[in-house]
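J.: Before I ask anything, let me first share the structure, which is written out below as structure tokens.
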Amino acid sequence: MSDVLIGVDLGGTNIKSAAVSRDGRVLGKDSRPTEAELGLEGVLKNIDASVRSVLEKAGIPFQDVIAAGVGAPGPMNWQTGVVFSPPNLPGWKDVPLADLLSQRWHVPCFVDNDANVACYGEFWLGAGREVDSMVLLTLGTGVGGGIVVMGQLLRGPDGTAGEIGHLCVSRGGRQCNCGAKGCLETYASVTGMVRTALEGIQQGENTILKEMCGGDYSGLTGKMISDAAAAGDEFALWVVQETGKWLGTAIGSLINLLNPEKVVLSGGMIAAGDLLFAPLRETALRQSFEVPGKRAMIVPAALDPDSGVIGAAGCALERLNKDS
């Protein structure tokens, strides 16, 4: 088979790879530990081994690969493919990742922000495949984001377009790791949700979370909170709903700003289902203009957790087509 694209989702813990056809069929996948402690050369070897494993298992010769895309964390120059200093890849500094992989594989390689490629994956083959404009929010330790408008992924000249987690939702609010205060991710990420719960527990709220943690609140997780809410714990339910309202507040502003047809949410938090989505949708509708607010469908991701690796392949195809 000719015209095969390679997608790589590079994280601090795992590397995911996929071979994808030009028309969007996933031909094979692989996942393995990143082993970030091995340094740059060790990680590059693991990326190479992962990609070659995918091709071998799918029976695809490397000469059929026309381009490769990589979704990588941290700040970068998406135009040159240089990754600056990702916090979860120690020792990386101004790494020309696109060039290094292109030299190994002898095909064009493109590097993009990991949340951007996840967004493009959902737009290309997932929850956003039938629309022209969409927004993706990735809900994890932080809040990432990506934006597609009229079929085009917004990257910005500095590659920082779509940093939705750093929208200010509370002036003078919680301190964020970015240096600002009141950022969305300090309230609406898993970390933010856990912080909301801990603040309530410290104020004496009655909840089964105390027993679930065994009294050691350092072990409190977002899943514990969601499970407790599903079990009927009133305080845990309030925490999940409050998190949904923070998300809805930001999404309402995004709807007014961008007029998307869909807002897609990905990450482990979406497992809470309607406990999270109901207050989120209600708040977003109340915070947005009537017509775009009713138009924008707020839905869970369809490809999660593979949206990143598929999107990396899709971004490679998009950029290859632009360059040709």
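J.: Consider residue 160 carefully, then state whether it is of a type in the set (Ser, Thr, Tyr), touching a helix residue (DSSP H, G or I) at 6+ places or on another chain (Cβ under 7 Å), farther than 16 Å from residue 302 by Cβ and not assigned by TED's automatic domain parsing to the domain that holds residue 317.
T.: Taking the combined requirement at face value, the residue does not satisfy it.
Okay, residues lined up against (1) in contact with a Cys (Cβ under 6 Å, 6 or more places away or on another chain); (2) of a type in the set (A, V, I, L, M); (3) assigned to a helix (DSSP H, G or I):
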position	(1), (2), (3)
235	no, no, yes
256	no, no, yes
260	no, no, no
263	no, yes, no
286	no, no, yes
310	no, yes, yes
314	no, no, yes
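This table checks each residue for (1) of a type outside the set (A, V, I, L, M); (2) buried (at least 21 other Cβ atoms within 10 Å of the Cβ).
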position	(1), (2)
64	yes, no
72	no, yes
98	no, yes
116	yes, yes
122	yes, yes
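J.: Which condition breaks for residue 110 when tested against (1) out of contact with any Lys or Arg (no Cβ under 7 Å at 6 or more places or on another chain); (2) assigned to a strand (DSSP E or B)?
T.: That leaves (1) as the condition not met.
J.: From the set of residues in the range 22-37 that are assigned to a strand (DSSP E or B) and not aliphatic (A, V, I, L, M), which is surrounded by the fewest Cβ atoms within 10 Å (Cβ to Cβ)?
T.: 33
Let's see how each residue does on (1) outside the structural domain of residue 166 (by TED's automatic domain parsing); (2) closer than 30 Å to residue 78 by Cα; (3) surrounded by fewer than 24 Cβ atoms within 10 Å (Cβ to Cβ); (4) not hydrophobic (A, V, I, L, M, F, W, C):
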{"site": "218", "(1), (2), (3), (4)": "no, no, yes, yes"}
{"site": "221", "(1), (2), (3), (4)": "no, no, yes, yes"}
{"site": "224", "(1), (2), (3), (4)": "no, no, yes, no"}
{"site": "236", "(1), (2), (3), (4)": "no, no, no, no"}
{"site": "244", "(1), (2), (3), (4)": "no, no, no, yes"}
{"site": "266", "(1), (2), (3), (4)": "no, yes, no, yes"}
{"site": "276", "(1), (2), (3), (4)": "no, no, no, no"}
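J.: Okay, moving on. Residue by residue through the range 69-84, note down the ones that are free of Cβ contacts under 8 Å to residues at least 40 places away in the same chain, touching a Pro at 6+ places or on another chain (Cβ under 7 Å) and in a loop (DSSP other than H, G, I, E, B).
T.: Of everything in the range 69-84, those that are free of Cβ contacts under 8 Å to residues at least 40 places away in the same chain, touching a Pro at 6+ places or on another chain (Cβ under 7 Å) and in a loop (DSSP other than H, G, I, E, B) turn out to be 74, 81, 84.
J.: So, in the range 180-237, how many residues would count as being in contact with a Ser or Thr (Cβ under 7 Å, 6 or more places away or on another chain) and either at positive phi or charged (D, E, K, R) (or both)?
T.: Of the residues in that region, 2 qualify.
J.: State whether one or more residues within the range 195-204 are out of contact with any strand residue (DSSP E or B) (no Cβ under 6 Å at 6 or more places or on another chain), among the basic types (Lys, Arg) and closer than 27 Å to residue 168 by Cβ.
T.: Yes, there is a match, as at least one residue in the range 195-204 is out of contact with any strand residue (DSSP E or B) (no Cβ under 6 Å at 6 or more places or on another chain), among the basic types (Lys, Arg) and closer than 27 Å to residue 168 by Cβ.
The values are calculated or read from the model by the stated rules, or taken from the named source; none is laboratory data. In this text, all values refer to a predicted model and were calculated from it rather than measured experimentally. Neighbour counts run over all protein chains shown; Cβ positions are idealised from the backbone, glycine included.
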